[in-house]
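Below you'll find the structure, written out as structure tokens, and then a few comments.
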Amino acid sequence: MGALVNTLVSVVIPTKNRRDLLLETLASIRAQTYDDWEAIVVDDGSNDGTAECVRALTKVDARIRFLPRASTLPGANVCRNEGLALSTGSYVIFLDSDDLLGPKCMEDRVRTMAEHLDLDFAVFLGEYFLAQPGDLGLLHNMPTERDDIDRSLSLDYPWGTASPIWRRAALERIGPWDESLPRFQDWEFHLRALIKGLRYRVFTKVDVFLRRGHRGELSTAEKHERTQRTLRAMQAFYPRLRAMLREARCLTPERDAALAALYLYLAESWVGEGNCAEALAVWKACRDAGLVSGRRFSWGTLLLLLHRPPILRSVMYRWIGPWWKARNRLALGPSTFQKVSVPAEWRCRYDAEWLARLRQLSRP
């Protein structure tokens, strides 16, 4: 690696009750062809033996650090901020505690950043898997020619948490992860980076594997509470998002229309939670911000009021749904997300030997 050997990479990993999956994630880091790294695991209150296992691992590999969340406020973003504050690397990678790095991920990312000194961050592609890398062969998302801010505003996430490698100075420009968000965390953080004009490039090479199908164990009440916290956090974020777009002089009528669609999407989510009053308040905030005309506000209000029962909702969608989606790009998710096979030339080069080493290193 030559001059790249002394460039420390900090890997920040929040975790909660994912002991076995976390051990696989750490194994993929330990199996890297690049050795100059530190992995900082911040625990968000696990009770499944995570602390004991990872602390034992730190005695085997001193590059791994484990610490419980210091803040009284829970959440992955709180853990990311605490981990970042304790990290010392020139480069930073954020991982979820069930992601796996391809064998040459760090080596290739560090070399890329060294060769492109103008970049604040570089983005690589993620591939979904079920049991082991390669068993699905689906891209996290397909790079397109569309502007990445516009993609993000339509909830077409261009990339996920693990895809970028960041220069530390770039992260200081973005600011901390939003600790109020239980969900949509990477979407908000990456959107902020795009609006602030950070310089980046997407490289069409898969180097990280994203586990698909695993869900945390939450009760119905916990899921309901988490959803409501998410909706309230997004409700507070949208005015700030528009202000950021305006301050950066990149607010356009088309992006105002996308924001209006996000407000409607949020209002419909409140209806889904059984809170029509909150839904109407969100939609009124959209009108008060000048994002929709009186006529569209009335149509949107009628849609929310008739969202239930399903028969009336289906009638309303047939009446105004197609028009609204076509006119304002209603956030329905991307056309390529989770559906495109990885092109052969983009695939990560892994083999049976690497998978065997991964299994060996992931044993507690």
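Here the range 90-134 is assigned +1 on the Cβ of each Lys and Arg and -1 on the Cβ of each Asp and Glu. Its dipole about the Cα centre then comes out at about 140 debye. About its Cα centre, the chain has a charge dipole of approximately 1040 debye under the convention of +1 per Lys or Arg Cβ and -1 per Asp or Glu Cβ, with nothing else charged. Take the Cα of A85, go 7 Å toward its beta carbon, and the backbone nitrogen atoms of the range 171-195 under 12 Å from that spot belong to 176-177. Placing unit charges on each Cβ (+1 for Lys and Arg, -1 for Asp and Glu) gives the chain a dipole about its Cα centre, and among T58, S97, S293 the Cα reaching farthest toward its positive end belongs to S293. An oblate overall shape is assigned to the range 164-291, the ratio a/c of its alpha-carbon gyration tensor axes (a ≥ b ≥ c) being 1.5 or greater and a/b not exceeding b/c. Here the extension length gained between A281 and H116 equals 54.7 nm, from 0.36 nm per residue of separation less the Cα-Cα distance.
Per-residue SASA remark: H190, around 10 Å² accessible (1.4 Å probe; ligands, DNA and RNA not included). Taking all protein chains together, L210, L117 sort by accessible area into L117, L210, largest first [probe 1.4 Å]. Expressed as a whole percent, the accessible surface of the chain that belongs to carbon and sulfur atoms is 52, based on a 1.4 Å probe.
Between R229 and R173, the distance separating the two model label sites (each 7 Å from Cα on the Cα→Cβ line) works out to 3.2 nm.
Placing W299, W187 in order of accessible area, with the largest value first and a 1.4 Å probe, yields W299, W187. Based on alpha-carbon centroids, what's the gap between the range 146-162 and the range 348-364 in Å, whole number please? For the range 146-162 versus the range 348-364, the Cα centre distance is 31 Å. Pull out a ≥ b ≥ c, the square roots of the eigenvalues of the alpha-carbon gyration tensor of the chain, then state rounded if a/c is under 1.5, prolate if not and a/b is larger than b/c, and oblate in the remaining case. Since a/c reaches 1.5 and a/b is larger than b/c, the shape of the chain is classed as prolate. A Förster distance of 30 Å, applied to the separation of the beta-carbon atoms of E145 and R212, puts the FRET efficiency at 0.70. Shape analysis of the range 33-177 places it in the rounded category; the axes a ≥ b ≥ c from the Cα gyration tensor give an a/c below 1.5. Put the Cα centre of the range 230-275 next to the Cα centre of the range 22-54 and the gap is 36 Å. Positive end of the dipole of the chain (Cβ unit charges, origin at the Cα centre): among Q132, A27, A243, the Cα lying farthest that way belongs to A243.
Given R0 = 51 Å, the distance between the Cβ atoms of E345 and S298 translates into a calculated FRET efficiency of 0.50.
Sorted largest first by accessible area at a 1.4 angstrom probe radius, with every protein chain in place, the residues M142, M106 fall in the order M142, M106.
Think of each Lys and Arg Cβ as +1 and each Asp and Glu Cβ as -1; about the Cα centre, that makes the dipole of the range 155-262 roughly 300 debye. Scalar couplings 3J(HN,Hα) for the range 34-42, obtained by applying the Karplus form with A = 6.51, B = -1.76, C = 1.60 to θ = phi - 60°, are 9, 9, 8, 9, 10, 10, 10, 9, 10 Hz; x denotes Gly and Pro.
Placing a pseudo-label 7 Å from each Cα along the Cα-to-Cβ vector at Y265 and S71 gives an inter-label distance of 2.5 nm. Sequentially through the range 348-364, phi angles give Karplus couplings (6.51, -1.76, 1.60; θ = phi - 60°) of 6, 8, 10, 9, 4, 5, 5, 5, 5, 5, 4, 5, 5, 6, 8, 6, x Hz, Gly and Pro residues having no value and appearing as x.
Take the alpha-carbon centre of the range 111-141, take the same for the range 59-76, and report the distance between them in whole Å. Each part's Cα centre sits 25 Å from the other's.
In a shell of Cβ-Cβ distance under 12 Å around P133, excluding P133 itself, what net charge do Lys and Arg (+1) and Asp and Glu (-1) give?
With Lys, Arg at +1 and Asp, Glu at -1, the net is -1.
The residues of the chain present an accessible area of 46 Å² per residue when probed at 1.4 Å with all protein chains retained. Comparing A162, N275, T227 along the charge dipole axis of the range 133-283, the residue lying farthest to the positive side is A162, per the Cβ-charge model.
Name the lysines eligible as straight-distance cross-link partners of K59: C-alpha to C-alpha under 27 Å, and not fewer than 8 places from it in the same chain. In chain and number order, the partners are K16, K104.
The values are calculated or read from the model by the stated rules, or taken from the named source; none is laboratory data. Just so you know, these numbers come straight off a predicted model, no measurement behind them. Ideal geometry is used to build each Cβ from the backbone, glycine not excepted, and the neighbour counts take in all protein chains shown. Just so you know, the surface numbers come from the protein's heavy atoms only, side chains and all, with ligands and any DNA or RNA stripped out. Shrake-Rupley method; radii C 1.70, N 1.55, O 1.52, S 1.80 Å.
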